[in-house]
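The values are calculated or read from the model by the stated rules, or taken from the named source; none is laboratory data. Quick caveat, the model's predicted, so the values are computed rather than measured. When we count neighbours, we look across all protein chains shown, and the Cβ atoms used for this are built from the backbone with ideal geometry, even at glycine. Ligands, DNA and RNA are stripped out before the accessible areas are found, and what is left, the full protein with its side chains, is counted by its heavy atoms. Shrake-Rupley method; radii C 1.70, N 1.55, O 1.52, S 1.80 Å.
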Amino acid sequence: MRVVVVGAGIVGLAVAARLAARGDEVVVVDKESDLATHQTGRNSGVIHSGLYYAPGSLKARLGVAGAASMTAFAHEHGVAVETCGKLVVATSPRELPRLATLAERGRANGVGLREVSPDEAREIEPHVAAPLRALHVPGTGIVDYRGVCAVLAKQVEAAGGSLRLGTRLVSAVTRGAQVEVTVHPGHRSDVGQPEVLVADALITCAGLYADRAARACGVDPEVRIVPFRGEYFELVPERAGLVSGLIYPVPDPRFPFLGVHLTKMVHGGVHAGPNAVLAGAREGYRRRDVVPRDVADWLSWPGLWRLAARNAVPGAQEVLRSLSRGLFARSLSRLVPGIGPDDLVPAPAGVRAQALARDGSLVQDFHVVTAPRQVHVINAPSPAATASLEIARYLEKQLDETLGAPTPPR
Ligand SMILES: Cc1cc2nc3c(=O)[nH]c(=O)nc-3n(C[C@H](O)[C@H](O)[C@H](O)COP(=O)(O)OP(=O)(O)OC[C@H]3O[C@@H](n4cnc5c(N)ncnc54)[C@H](O)[C@@H]3O)c2cc1C
């Protein structure tokens with residue numbers, strides 16, 4: 001069976017490698033000239049353990065299984081990985097009930113964790129703020145997701161598949177037993193000629209363009225992707241010793257993002273962040289990046305106005321923190337006292353693709369829609385990198401269901 005996979009991020013490559021391994025002829029297309037150019041190559045590099053997600057959700061199921069399979073994959077293929085553990089610290093009394101709920105969720109999801117006293121927390125992270133209470137999750141790890149993608153891409157090619165980088169999906173249509181996928185070289189429509197790839201099936205894993213990709217294939221995803229930029233700083237090398245693993249605040253359950261945290265990186269150094277501010281472009285990595293069509297996309301979506309009305313205060317706080325390194329440092333010093341603006345140097349930002357429903361609710365779980373011979377990944381936010389090998393298994397099943405064929409057990 002010939003399958004076109006759109007997106008050479010970790011989700012697209014993981015499903016492409018899985019289908020190639022079972023003998024499908026896979027063609028991966030990505031508009032960029034390299035692998036993992038967007039979310040996958042610009043994330044925190046954490047293998048999340050499954051602490052945060054509603055029990056029974058796809059995030060919980062695929063995230064917990066994915067943490068194990070991603071760790072094993074990295075070890076097996078020589079990709080840099082380390083199981084360094086994570087501490088979630090409650091520093092104010094109002095966070096204590098939320099920390100307890102988090103512990104309950106974690107246990108319900110089968111995550112190994114321990115509630116620890118302030119003294120125990122300081123044995124794990126000697127410089128952490130004196131927390132009122134903390135959760136220690138020893139199984140959380142860090143990994144080189146770009147390295148994982150390089151291995152997956154090699155697996156695709158070794159199994160006879162091909163990677164067509166610098167190739168953009170324009171549209172697709174299912175006609176009977178075939179999908180005709182129109183692609184175009186590069187980003188500009190006035191340079192180069194379109195080409196039609198004829199396939200038995202199509203899977204799109206287009207990240208920040210997930211909704212547009214689905215619509216271009218005739219499928220209405222009923223949500224809009226809203227891009228939230230996550231800005232990072234790095235601790236200056238002399239201060240990197242303040243953090244031994246990962247130190248997180250207690251997240252606000254109203255938001256899918258985890259709050260600015262301190263993350264040891266697998267190739268050295270400590271990242272601080274990311275925050276979450278609305279970006280002026282789907283791939284708007286800098287404040288000055290503004291694409292009118294992207295802005296019009298979210299301004300015209302009623303869900304955004306409803307979300308903004310409900311979250312005006314925290315939204316404004318995020319914007320202020322984005323504008324002030326001092327405020328950013330202050331958030332971090334709640335986790336590790338003494339971190340100041342001079343300890344931080346800017347690091348490259350990432351942009352999260354977050355699906356937003358018309359009623360203003362953020363789609364919390366992974367979300368996939370199918371049409372005859374087509375599977376579209378619509379919402380694959382964190383921990384989709386962690387869960388990618390399991391998402392691939394899930395997508396394989398969805399694909400086979402759209403084709404009316406049972407997935408052979410593997
Ligand atoms: C700041 C940040 C921090 C994060 N931290 C973590 C973390 O620590 N751990 C974790 O598990 N997850 C984390 N995540 C989430 C994780 O990175 C994503 O869930 C995951 O990378 C999604 O992978 P993807 O393949 O779906 O998307 P992407 O990596 O964005 O890939 C999508 C690809 O589709 C391509 N594409 C789009 N449109 C087209 C088109 N029309 N034609 C051809 N190609 C197209 C793009 O060029 C891109 O390469 C983080 C995300 C961000 C942004």
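Rolling a 1.4 Å probe over the protein heavy atoms of region 209-357, with every protein chain left in place, gives an accessible area that is 59 percent carbon and sulfur. Each peptide among 343-354, 387-398, 129-140 gets the average number of other Cβ atoms lying within 10 Å of its residues, and from highest to lowest they stand as 387-398, 129-140, 343-354. Mean-square fluctuations from a GNM of the chain, with a 10 angstrom spring cutoff on Cα atoms, peak among V277, V29, V319 at V319. Annotation for V236 and A296: the two label points, set 7 Å from Cα along the Cα-Cβ direction, are 4.6 nm apart.
Overall form of region 57-134: oblate. Here a/c, set by the Cα gyration tensor axes a ≥ b ≥ c, is 1.5 or more, and a/b is not larger than b/c. Give me Rg over Rh for region 230-293, both radii from the alpha carbons and Rh done the Kirkwood way, two decimal places. For region 230-293, the value is 1.06. Note that region 114-161, at 25 °C in a medium of 0.890 mPa s, gets a Stokes-Einstein diffusion coefficient of 178 µm²/s from its Kirkwood radius over C-alpha pairs.
When +1 charges are put on Lys and Arg Cβ atoms and -1 charges on Asp and Glu Cβ atoms, the dipole computed for region 98-137 relative to its Cα centre reaches about 220 debye. Over the chain, accessible surface divided per residue gives 41 Å², non-protein components excluded, 1.4 Å probe.
The distance separating the Cα centre of region 164-242 from that of region 8-62 comes to 13 Å. Between the alpha-carbon centres of region 352-410 and region 115-161 there is a gap of 24 Å.
So what is the 222 nm mean residue ellipticity for the chain from helices alone, if each DSSP H run of at least 4 adds -39500 (n - 2.57) and you divide by all residues, rounding to the nearest 500 deg cm²/dmol? Only helices count here, giving -9500 deg cm²/dmol. Divide the volume of the convex hull around the Cα atoms of region 311-410 by the residue count and you get 155 Å³ per residue.
In terms of its Cα atoms, the chain spans 64, 45, 37 Å along the principal axes, sorted from long to short. The convex hull around the C-alpha trace of region 1-127, projected and averaged over every direction, spans 10.6 square nanometres.
Measuring r between the beta carbons of A68 and K397 and using R0 = 30 Å, the FRET efficiency lands at 0.95.
Looking only at the chain, where both bridge partners belong to it, what percent of the DSSP beta bridges are antiparallel (to the nearest 5)? Of the beta bridges lying entirely in the chain, close to 75 percent run antiparallel. The charge dipole of the chain, taken about its Cα centre with unit charges on the Cβ of Lys, Arg, Asp and Glu (plus for the first two, minus for the last two), comes to roughly 700 debye.
Distance between the pseudo-spin-label points of S92 and R287 (7 Å out from Cα toward the beta carbon): 2.5 nm.
The share of accessible area on region 18-72 that comes from carbon and sulfur is 53 percent, using a 1.4 angstrom probe.
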